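Notes follow once the structure below has been shown.
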Amino acid sequence: MSSGARPVMVMTEADDPTADMVIEELNERDVPVARFDSSDFPASLSVSADINGLRGWRGWLRTPTRLVDLRAVRSLYFRRPNDFDFSHLEPQAARFAASQARFGLGGLLADLPGCLYVNHPNAIADAEYKPVQLAAATAAGLRVPPTIITNDPAEARAFAQGVGRIVYKPLYLGQYDRDGKPVSIWVKEVDAAELDESIAGSMHLFQARCDKVADLRVTVIGDQVFCVKIVAKDPDLLDWRYDYDNLSYSAIEPPVELVDGMRAYLKRFDLVFGCFDFAVPKEGTPVFLECNPNGQWGWLEDETGLPMTAALADLLERGTR
């Protein structure tokens, strides 16, 4: 990497088509890019930095093909890196090594001077809590469905009785395996009769079901807003991610009543990027469902032609908000 060139760093797993699109765009612009993953450390990724007086950390990060001056990084695209891989160690040693890597390497990458984060990993972590998301959306003036988060069966039943039809949503989509194979947990309508004592075993999120006619996926990239209307052939499809073949897409202007709210929401978490999901009811304002601070958007560009890759590359190349 030539001296004086300010690189963009992309931190993600090896198989990431969304990151591939952005890196290809940056390469076409002759913007230097260093790509790596947490799981590369320490086998093919090394880092060293020192601190002296008030100048902050200085040092380098080395991949098999790049040597990056940490003080020269213009932006970091924090996509979806894997966990650190210390599987060659016995379990206790592996846990210790992973914690040192997380707080050492992770700590250095969280404090790069003059770097634009898309998004900062700490901001992503804060914004992934569903209870905080819903409160922030309400504070930003977005319409939120009646919601309860509880492990009290009686409270869940009272909520269902008060609002009518309800759906269950997982509070976090971690890894879930069945018979050794990963499975997804979808949004599901719940009958009041199903609200039994098993609810007491953990926290559950229930919401009033929105009778929607479509969904909106709104991707905010810096100061640009891209809105896609998603319509399912099956009107009873609660979670459009369940059946992509059942969907049609159209690029539309983002509803003006949502734009200010989305910007306020992102400002609350200090984010420069976010993928918002809204349900479009038969009447009234679209209903906020969630915002993924590190969401997917690449397939929507393929379906609609919206220039989201270019917008993200613009942001990373500029290195400023």
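The values are calculated or read from the model by the stated rules, or taken from the named source; none is laboratory data. What you see is a predicted model; the values in this text were computed from it and never measured. Methodologically, a virtual Cβ is constructed for each residue, glycine included, from the backbone with ideal geometry; neighbour enumeration extends over all protein chains shown.
Worth a mention:
- Number of the condition not met by Q296 [criteria: (1) within 17 Å of I230 (Cα to Cα); (2) among the polar types (S, T, N, Q); (3) in contact with a Lys or Arg (Cβ under 8 Å, 6 or more places away or on another chain)]: (3)
- As a summary of the residue check, R143 satisfies the conditions (1) in contact (Cβ under 8 Å) with a residue 60 or more places away in the chain; (2) of a type outside the set (V, I, T); (3) in contact with a Leu (Cβ under 7 Å, 6 or more places away or on another chain) except for the one numbered (3).
- Hits in the range 107-123 - residues which are under 19 Å from the mean Cα position of the chain (by Cα) and in contact (Cβ under 8 Å) with a residue 40 or more places away in the chain: L109, L116, Y117, V118, N119, H120, P121, A123
- When residues of the range 168-184 are limited to those that are at pLDDT 70 or above and among the aliphatic types (A, V, I, L, M), the one nearest to D126 (Cα to Cα): L171
- Among strands (runs of 3 or more DSSP E) entirely within the range 1-120, having at least 3 residues that are buried (at least 17 other Cβ atoms within 10 Å of the Cβ) and at pLDDT 95 or above singles out 8-11, 33-36, 75-78, 116-118.
- Complete set of residues in the range 146-167 that are modelled with pLDDT under 95 and under 30 Å from F78 (Cβ atoms): none
- Taking the numbered list (1) under 20 Å from the mean Cα position of the chain (by Cα); (2) without any contact (Cβ under 8 Å) to a residue 60 or more places away in the chain in turn, I252 passes all entries but (1).
- If the condition is being within 15 Å of K169 (Cβ to Cβ), acidic (D, E) and either in contact with a helix residue (DSSP H, G or I) (Cβ under 7 Å, 6 or more places away or on another chain) or surrounded by 13 or more Cβ atoms within 10 Å (Cβ to Cβ) (or both), then the range 184-202 contributes only E194.
- Residue tally, condition within 16 Å of E189 (Cβ to Cβ) and not hydrophobic (A, V, I, L, M, F, W, C), over the range 231-257: 7
- Sole residue being within 22 Å of D314 (Cα to Cα), of a type outside the set (D, E, K, R) and out of contact with any Asp or Glu (no Cβ under 9 Å at 6 or more places or on another chain), chosen from N52, N119, N27: N27
- Per-region count, the range 240-263, residues surrounded by fewer than 17 Cβ atoms within 10 Å (Cβ to Cβ) and closer than 18 Å to L289 by Cα: 8
- Note on the range 14-67: residues that are farther than 18 Å from T309 by Cβ and in contact with a Lys or Arg (Cβ under 6 Å, 6 or more places away or on another chain) total 3.
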